[in-house]
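Take a look at the structure below.
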Amino acid sequence: MTKRDPNKQNIFEFDEQGTNEVSEQILNSYNSGFIGEGSDQAESNQFSSTEG
């Protein structure tokens, strides 16, 4: 494993097309109901287990 040079400058590139594509994928997942299902189910399980 090589050691990093702490004085070396890191180079970051911004790809607007890639950013737009990822944003679209996230929005599609959210709008389809995929994102958020797990947290809603976990919350309902917490409430039902405290009632019994």
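Values quoted throughout were computed directly from the atomic coordinates according to the rules given, and no laboratory measurement underlies them. Computed from a prediction, not measured in an experiment: that's the story for all the values here. A quick note on method: Cβ atoms are made from the backbone with ideal geometry, for glycine too, and the neighbour counts reach across all protein chains shown.
Non-local amide H neighbours of residue 35 (under 5 Å, H modeled in plane, Pro and chain starts lacking H): which ones?
The answer is 30.
Once phi is turned into θ = phi - 60°, what whole-Hz ³J(HN,Hα) does the Karplus curve with 6.51, -1.76 and 1.60 give for every residue of segment 12-21, x standing for Gly and Pro?
Those phi angles translate into 10, 10, 10, 10, 5, 5, x, 5, 5, 5 Hz.
Kindly rank 14-20, 25-31, 4-10 from highest to lowest mean number of other beta carbons found within 10 Å of each residue.
For the peptides 14-20, 25-31, 4-10, the packing ranking is 25-31, 14-20, 4-10.
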